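Peer 1: Please see the structure below; I have some questions.
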Amino acid sequence: MKVKGLDKSRDHAEGAVKARSLAELGALKKELQARAREAARLEAQRREAQQRAARERELFARAVGPVQPLKDRRLAQLDKPRPQPVPAQRQLDERLVLRESISDEFDVETLLDTDESLSFRRPGVGPDVVRRLRRGEWVIQRQIDLHGLRRDEAREQLAEFLREAVKAGLRCVRVVHGKGNGSPGREPVLKSKVKSWLVQKDEVIAFTQARPAEGGAGALVVLLRPAG
């Protein structure tokens, strides 16, 4: 004996399954078609690239003409380390600028204070600055030793030292020029030159002879202009 209600429910369920299966088949068919189109597009690109490469090789061969391969000399392929790039011309230009910016003919004596250490201060800088510098109230942050150098070498190295010190934001440095004990006549040649060079540098606002513990008559303590 058949029950009509159950038959209808079974038919409805079977219809829903068939509809879902058809929808899934349709989606699968679309996906396969999309994959086929993408594969065809990639294949066309590959063939085009091959043809382009072949045309370029043919064009190069026609331009170069007949060639003969080099004989294999059985040499090892060694990677030689490349030298570091050195801006030689820029360094030369900077040295020339530094040399021309400091003159040996500058008369500094008229600008020095008439005290026992012949200290120097820029116009507008109070005498208390020199006194504080002489007492060591500024910490010496860096120094350069010019003792034993020739005049031209000392001049260039001092200019470079001051430039780097200002770039680093330093305020107080020491310049060792020596006491001239090894010079002819025991005259401190660099001492007067160093003072003359320092006065010509705008970044130097004051200097004085170092304290005995810091070099005494053989060194100067230099105060630099604040950065900015």
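Peer 1: Could you tell me which numbered condition GLU116 fails, if it satisfies all but one of (1) open to solvent by 100 Å² or more (accessible area, probe 1.4 Å); (2) at pLDDT 75 or above; (3) among the acidic types (Asp, Glu)?
Peer 2: Among (1) open to solvent by 100 Å² or more (accessible area, probe 1.4 Å); (2) at pLDDT 75 or above; (3) among the acidic types (Asp, Glu), GLU116 violates only (2).
Peer 1: Please identify the pairs in which a residue from segment 151-177 that is surrounded by 15 or more Cβ atoms within 10 Å (Cβ to Cβ) has its Cβ atom under 6 Å from the Cβ atom of a residue that is of a type in the set (S, T, N, Q), counting only partners at least 6 apart or on another chain.
Peer 2: From residues that are surrounded by 15 or more Cβ atoms within 10 Å (Cβ to Cβ), the pairs are LEU170/GLN141; CYS172/GLN141; ARG174/GLN143.
Peer 1: Now for a different question. Inspect segment 37-50 for any residue being open to solvent by 80 Å² or more (accessible area, probe 1.4 Å), modelled with pLDDT of 60 or more, part of a helix (DSSP H, G or I) and among the hydrophobic types (A, V, I, L, M, F, W, C) and give the result as yes or no.
Peer 2: Looking for residues that are open to solvent by 80 Å² or more (accessible area, probe 1.4 Å), modelled with pLDDT of 60 or more, part of a helix (DSSP H, G or I) and among the hydrophobic types (A, V, I, L, M, F, W, C), one finds at least one in segment 37-50, hence yes.
Peer 1: Could you run through segment 148-172 and say how many residues are closer than 16 Å to LEU223 by Cβ and more than 25 Å from the chain's Cα centre (by Cα)?
Peer 2: 1
The values are calculated or read from the model by the stated rules, or taken from the named source; none is laboratory data. This structure is a prediction, so every number in the text was calculated from the model and none was measured. FYI the Cβ positions are ideal-geometry reconstructions off the backbone, even for glycines, and counts take in every protein chain you see. Remember, those area values only see protein heavy atoms, side chains included, never the ligands or the DNA or RNA. Shrake-Rupley method; radii C 1.70, N 1.55, O 1.52, S 1.80 Å.
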